[in-house]
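Structure record follows, encoded as structure tokens.
The values are calculated or read from the model by the stated rules, or taken from the named source; none is laboratory data. Predicted model only: the values in this text are computed from it and were never measured. Ideal geometry is used to build each Cβ from the backbone, glycine not excepted, and the neighbour counts take in all protein chains shown. Keep in mind that these areas ignore ligands, DNA and RNA; they rest on the heavy atoms of the full protein, side chains included. Shrake-Rupley method; radii C 1.70, N 1.55, O 1.52, S 1.80 Å.
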Amino acid sequence: MIDHTHDAAASSWVEGADDHADFPVQNLPLGVFSLASGTRHIGSAIGNYTVDLAGLADAGLLPDALRPALCAQTLNALFRLDGATRRTLRHALFALLTDPAQRAAVSPWLHPMDQVDLHLPFAIGDYSDFYVGIHHATNIGKLFRPDSPLLPNYKHVPIGYHGRASSVRVSGTPVIRPKGQIKAPDADQPTYAPCRRLDYELELGIWIAGDHALGETIPITDAWDRIAGFSLLNDWSARDIQAWEYQPLGPFLSKSFHSTISPWVITAEALAPFRVAQPARAQGDPSPLPYLWDQADQARGALSITLSATLASAAMRESGMTALELSRGTARAAMYWTPAQIVTHQAANGCDLHSGDLLGTGTLSGPTRGSEGSLMEMSQGGKHPIRLPTGQERCFLEDGDELILYARAERDGYRSIGFGPCSGIVTPSRS
Ligand code: MN
């Protein structure tokens, strides 16, 4: 799975690509963009440029078999193709962008990134969100049950809930503060009001490739064939609405008002060098049931990805301050269950998964202070505010706050690749 497209010495003729933090030629993420004309095209990112893959296909520069899927306005059809066919795209694109003899033919299809609008990469048929960040689950659990933060099922079953696909938006879309039923602990009755404890959740989104029929399942040995790739996901959360509504059926309107996804799909192929061993389960942890267990997945089914989050209040941005880094951690240290275990479990009851379905990992918090993936954890339930460089304090997000998530795949011997930002600015509730 690791091949010449991952060679750290590979170089692109596209100006600036070799030095680009996120999008050197080893990455080649996929997404959907438009120019001023408004028509959506499938593209890839190379340095500070978007390359128009529909244009390249029309010009006969990419394999003919890919052309109908590349001329669509979402990635759904492309990721419905069999794995071998869609992998030919990475090789063909890599060849075009590394061979200087192709410069004249390809250059008309390069557009500076600041001249394109990026859109949701898929028409998302369904979205669910897991809870595999064991330190997040522990930190949150401790707020309610200091002696037994993890519920008894946690180490047996990858816990999740159903999200809402209709309100997933691409990075950069303003996030309108939700309204909902809130009942303060000391109040007799709930009120309907704007959320006062608005939080973010730092997650990875797993994009599904391919389809299967109702009643079928995904053997864990096949799970990676069903992973198109990954984006950053911010599962914005209204903690006060959540606290009142979540029992007994779990989160509902406290989550479904808006979820933000980064526009570029970092493909499973691009991430091949960054697949590492899953940390061994702690002594005394139960063995997962056989349908969730695969030795090869344990050996190289975790991801070597560094994650971080920054916050800039409106006052910070107005005075030109750089954003404050809230946290930094790794996906590997955070995730108790692997992406393959998540995908296999999602289909374990026989529900059908389709190209473009989105599965969130859950909040990815590390084991130590400074690596928490939400403000709820950082402020310990709103008790310990974070101080911003302006002197402002935050337990939860205020209107005007800009929250940006970042991710970077890193491993010795390989060119590191980035996901691009996943950002949102909080705006006031609609009256
Ligand atoms: Mn979540």
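Give, as residue ranges, the helices (runs of 4 or more DSSP H) completely inside the stretch 29-103 that count at least 3 residues that are without any contact (Cβ under 8 Å) to a residue 24 or more places away in the chain and surrounded by 14 or more Cβ atoms within 10 Å (Cβ to Cβ).
Counting at least 3 such residues, we get 53-58.
So which residues in the stretch 236-258 are more than 14 Å from the ligand (Cβ to nearest atom), part of a helix (DSSP H, G or I) and open to solvent by 20 Å² or more (accessible area, probe 1.4 Å), if there are any at all?
Hits for the stretch 236-258 are A243, W244, E245.
Please tell me if D225 is closer than 30 Å to D294 by Cα and crowded, with 23+ Cβ neighbours inside 10 Å. Can you show your working first?
Numbers: closer than 30 Å to D294 by Cα: yes; crowded, with 23+ Cβ neighbours inside 10 Å: no.
For D225, the condition - closer than 30 Å to D294 by Cα and crowded, with 23+ Cβ neighbours inside 10 Å - is not met.
Would you point out the residue of the stretch 181-197, among those that are outside any loop (DSSP other than H, G, I, E, B) and not aliphatic (A, V, I, L, M), that is surrounded by the most Cβ atoms within 10 Å (Cβ to Cβ)?
Out of the qualifying residues, it is P194.
Check off (1) of a type in the set (G, A, S); (2) in contact (Cβ under 8 Å) with a residue 60 or more places away in the chain; (3) more than 16 Å from the ligand (Cβ to nearest atom) for G370 and give me the number that stays unchecked.
(2)
Which members of the stretch 332-364 meet the condition of being open to solvent by less than 10 Å² (accessible area, probe 1.4 Å), in a helix (DSSP H, G or I) and within 16 Å of the ligand (Cβ to nearest atom)?
Passing the criteria: A334, P339, I342.
Might you check whether a residue that is aromatic (F, W, Y), within 16 Å of the ligand (Cβ to nearest atom) and either at pLDDT 95 or above or under 24 Å from the mean Cα position of the chain (by Cα) (or both) occurs anywhere in the stretch 87-104?
First, the residues of the stretch 87-104 that are aromatic (F, W, Y): 94.
Those left that are additionally within 16 Å of the ligand (Cβ to nearest atom): none.
There is no residue in the stretch 87-104 that is aromatic (F, W, Y), within 16 Å of the ligand (Cβ to nearest atom) and either at pLDDT 95 or above or under 24 Å from the mean Cα position of the chain (by Cα) (or both).
Which residue out of D129, D147 is acidic (D, E), outside any helix (DSSP H, G or I) and within 14 Å of the ligand (Cβ to nearest atom)? It would help to see each step written out before you state the result.
On the way: D147 fails: within 14 Å of the ligand (Cβ to nearest atom).
Exactly one of D129, D147 is acidic (D, E), outside any helix (DSSP H, G or I) and within 14 Å of the ligand (Cβ to nearest atom), namely D129.
I'd like the full set of residues that are more than 16 Å from the ligand (Cβ to nearest atom), out of contact with any His (no Cβ under 9 Å at 6 or more places or on another chain) and either hydrophobic (A, V, I, L, M, F, W, C) or not assigned by TED's automatic domain parsing to the domain that holds Q341 (or both), limited to the stretch 185-219.
Within the stretch 185-219, A187, A193, W207, A209, A213, L214 meet the criteria.
Identify, by number, the condition in (1) open to solvent by 50 Å² or more (accessible area, probe 1.4 Å); (2) in contact (Cβ under 8 Å) with a residue 60 or more places away in the chain; (3) not aromatic (F, W, Y) that L204 doesn't meet.
Single failed check for L204: (1).
Among the candidates I305, I261, single out the residue that is among the β-branched types (V, I, T), within 16 Å of the ligand (Cβ to nearest atom) and on the phi < 0 side of the Ramachandran plot. Please lay out each step first, then the result.
On the way: I305 fails: within 16 Å of the ligand (Cβ to nearest atom).
Checking each option against the conditions leaves just I261.
Mind checking whether some residue in the stretch 153-175 is in a loop (DSSP other than H, G, I, E, B), open to solvent by 60 Å² or more (accessible area, probe 1.4 Å) and free of Cβ contacts under 8 Å to residues at least 12 places away in the same chain?
Within the stretch 153-175 (the criterion being in a loop (DSSP other than H, G, I, E, B), open to solvent by 60 Å² or more (accessible area, probe 1.4 Å) and free of Cβ contacts under 8 Å to residues at least 12 places away in the same chain), the answer is yes, since at least one residue qualifies.
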